[in-house]
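One structure is given here, and the rest of the page talks about it.
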Amino acid sequence: LEIVDEALDADTVQGSRLPWEEVRDWFHDAGNYVDSLDRAAEALSNRLRGRGPSPSVDALEGHLRSALSVSILYDWTTGIRDFDATMGHLQIDSGQPAESQRFQLAHQLAALALKDEISAVVEGARLRTAAARQLLFVGLSNYAAGALLMPYHRFREDARSVHGIS
């Protein structure tokens with residue numbers, strides 16, 4: 001709601017942009033690639049994945065619970081994901097498909113485990129408003145979640161092995 005309020009109050013005269021426009025432009029200017037987050041998420045993925053190509057739901061939940069002291073509840077009465085940072089309590093909508101629930105776990109794990117890395121990128125982004133910085137943090141958490149679930153180097157190696165390329 002704060003982001004919406006700020007957007008409504010924004011001075012859109014003389015070329016200023018709304019927070020979501022700043023973030024969209026930041027991702028475009030970055031080429032939709034953030035090396036430091038890609039590498040950090042891939043390293044975390046390698047620690048959690050076990051024998052599979054990427055971390056399982058059990059591995060994601062286990063790390064959230066044991067390393068980050070997060071309790072997890074699947075409930076149909078919540079939004080897609082709701083995290084209470086004070087209580088360390090994560091609720092995920094149980095009505096989502098399994099793949100979406102897994103991504104929500106990965107998002108929360110990335111936002112917490114890679115908080116310093118994400119914050120460093122946000123601080124270097126030189127965005128105008130707190131709302132834009134908050135949106136960028138969420139966007140980068142989603143980015144890191146994707147890199148956690150589909151680590152680039154492993155994906156590239158697997159693709160090359162299927163096509164007989166070394």
Residue in segment 59-79 that is among the acidic types (Asp, Glu), exposed (fewer than 14 other Cβ atoms within 10 Å of the Cβ) and free of Cβ contacts under 8 Å to residues at least 12 places away in the same chain present: no
Qualifying residue in segment 126-134 (condition: in contact with a strand residue (DSSP E or B) (Cβ under 6 Å, 6 or more places away or on another chain), modelled with pLDDT of 95 or more and open to solvent by 60 Å² or more (accessible area, probe 1.4 Å)): no
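Anything in segment 115-125 that is within 18 Å of LEU44 (Cβ to Cβ), open to solvent by 50 Å² or more (accessible area, probe 1.4 Å) and of a type outside the set (D, E, K, R)? List them, or say none.
To start, the set of residues in segment 115-125 that are within 18 Å of LEU44 (Cβ to Cβ) comprises 115-121.
This time we only want the ones that are open to solvent by 50 Å² or more (accessible area, probe 1.4 Å), so: 115-117, 120.
Scanning segment 115-125 gives a single hit, ALA120.
For every residue, the table says whether it meets (1) within 21 Å of VAL138 (Cβ to Cβ); (2) touching a helix residue (DSSP H, G or I) at 6+ places or on another chain (Cβ under 9 Å); (3) modelled with pLDDT under 95.
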site	(1), (2), (3)
GLY52	no, yes, yes
LEU64	yes, yes, no
GLY79	yes, no, yes
ARG102	yes, yes, no
LEU109	yes, yes, no
LEU112	yes, yes, no
Test: residue in segment 87-100 that is free of Cβ contacts under 8 Å to residues at least 12 places away in the same chain, farther than 18 Å from PRO151 by Cβ and either of a type in the set (Gly, Ala, Ser) or surrounded by 12 or more Cβ atoms within 10 Å (Cβ to Cβ) (or both): no
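ALA40 - would you say it is among the small types (Gly, Ala, Ser), open to solvent by less than 40 Å² (accessible area, probe 1.4 Å) and at pLDDT 95 or above? So that I can check it myself, show each step before the final result.
Working: among the small types (Gly, Ala, Ser): yes; open to solvent by less than 40 Å² (accessible area, probe 1.4 Å): yes; at pLDDT 95 or above: yes.
Yes.
The values are calculated or read from the model by the stated rules, or taken from the named source; none is laboratory data. Keep in mind that what you see is a predicted model, and the values were worked out from it rather than measured. Note that each Cβ is placed from the backbone with ideal geometry, even for glycine, and that neighbours are counted across all protein chains shown. When the accessible area is computed, the model is the full protein with side chains, heavy atoms only, and any ligands, DNA or RNA have been set aside. Shrake-Rupley method; radii C 1.70, N 1.55, O 1.52, S 1.80 Å.
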